[in-house]
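First up is the structure itself, then whatever we jot down about it.
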Amino acid sequence: QVQLVESGGGLVQAGGSLKLSCVASGRSFNTYTMGWFRQAPGKEREFVAAFAWSDGHIYYADSVKGRFTIFRDNGANTVYLYMNSMKSEDTAVYYCAASEFLRTEDQEHYAYWGQGTQVTVSS
């Protein structure tokens, strides 16, 4: 079992930056692939970024590539999402999730989820 708690959401202007944090507790953090997902109003939840535990492979959704950075600190049991050059379409509830799969962006493969944190980008 893994418990995940996100923080860092808020209101930011377009072009600005925000950092989300996700602290994990429970089983060994460094044996999980950690991912970020988001759900905008009226839309389905979508993949944002993931950091595979097996080989450190990192991958991003095309919509955030070059603007967002995922980083994990295994010593602190924390995964971060640095968001830069933010756009109004980044407005969503952001979720941290953990998967026992070696590499995956499929949310069906993520068994553990945080409660979500709201990010709002004003234009």
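Numbers at a glance
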| read-out | value |
| --- | --- |
| Dipole axis of the stretch 5-123 (+1 Lys, Arg; -1 Asp, Glu on Cβ), positive-most option in His109, Asn84, Gly66 | Asn84 |
| Phi to ³J(HN,Hα) by Karplus 6.51 cos²θ - 1.76 cosθ + 1.60 over the stretch 93-103, Hz, x for Gly, Pro | 8, 9, 10, 9, 8, 10, 10, 8, 6, 5, 8 |
| Separation of the Glu46 and Ser28 label points, Cα + 7 Å toward Cβ, nm | 3.5 |
| Phe101 long-range amide H proximity, modeled H, under 5 Å | Thr33 |
| Carbon + sulfur, % of accessible area of the chain - ligands and nucleic acids excluded, 1.4 Å | 48 |
| Loop-resident sites, the stretch 15-123, for trypsin sites (Lys or Arg not before Pro), counting at most 12 other Cβ within 10 Å (DSSP) | Lys43, Lys65 |
| Rh by Kirkwood over Cα pairs, then Stokes-Einstein D for the stretch 60-116 at 1.002 mPa s and 20 °C, µm²/s | 166 |
| Inter-label distance, nm, simple model (7 Å from Cα along the C-beta direction), Ser7/Ser122 | 2.4 |
| Cα-centre dipole for the chain with unit charges at Cβ (Lys and Arg positive, Asp and Glu negative), debye to 20 | 280 |
| Förster radius 30 Å - calculated FRET efficiency between Asp55 and Lys87, Cβ distance, rounded to 0.05 | 0.45 |
| Proximal charge balance of His109 [Cβ under 13 Å; K/R count +1, D/E count -1] | -3 |
| Qualifying GluC sites (Glu not before Pro) for the stretch 1-47 [loop in DSSP, other Cβ within 10 Å: at most 11] | Glu44 |
| Aspartates and glutamates with Cα under 18 Å of Lys87, excluding same-chain neighbours fewer than 8 positions away | Glu46, Asp62 |
| Rounded accessible area per residue of the stretch 41-98, 1.4 Å, Å² | 48 |
| Scaled radius of gyration (Cα, divided by 2.2 N^0.38 Å) that the stretch 17-90 gives | 1.12 |
| Net charge over other residues, Cβ less than 13 angstrom from the Cβ of Gln13 (K, R count +1; D, E count -1) | 0 |
| Size of electric dipole in the stretch 36-93: Cβ of Lys, Arg +1 and of Asp, Glu -1, about Cα centre, debye, nearest 20 | 100 |
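The values are calculated or read from the model by the stated rules, or taken from the named source; none is laboratory data. Everything numeric here is computed off the predicted structure, so don't read it as measured data. Please note: Cβ atoms are built from the backbone with ideal geometry, for glycine as well, and neighbour counts cover all protein chains shown. The area values use the complete protein model at the heavy-atom level, side chains included, leaving out ligands, DNA and RNA. Shrake-Rupley method; radii C 1.70, N 1.55, O 1.52, S 1.80 Å.
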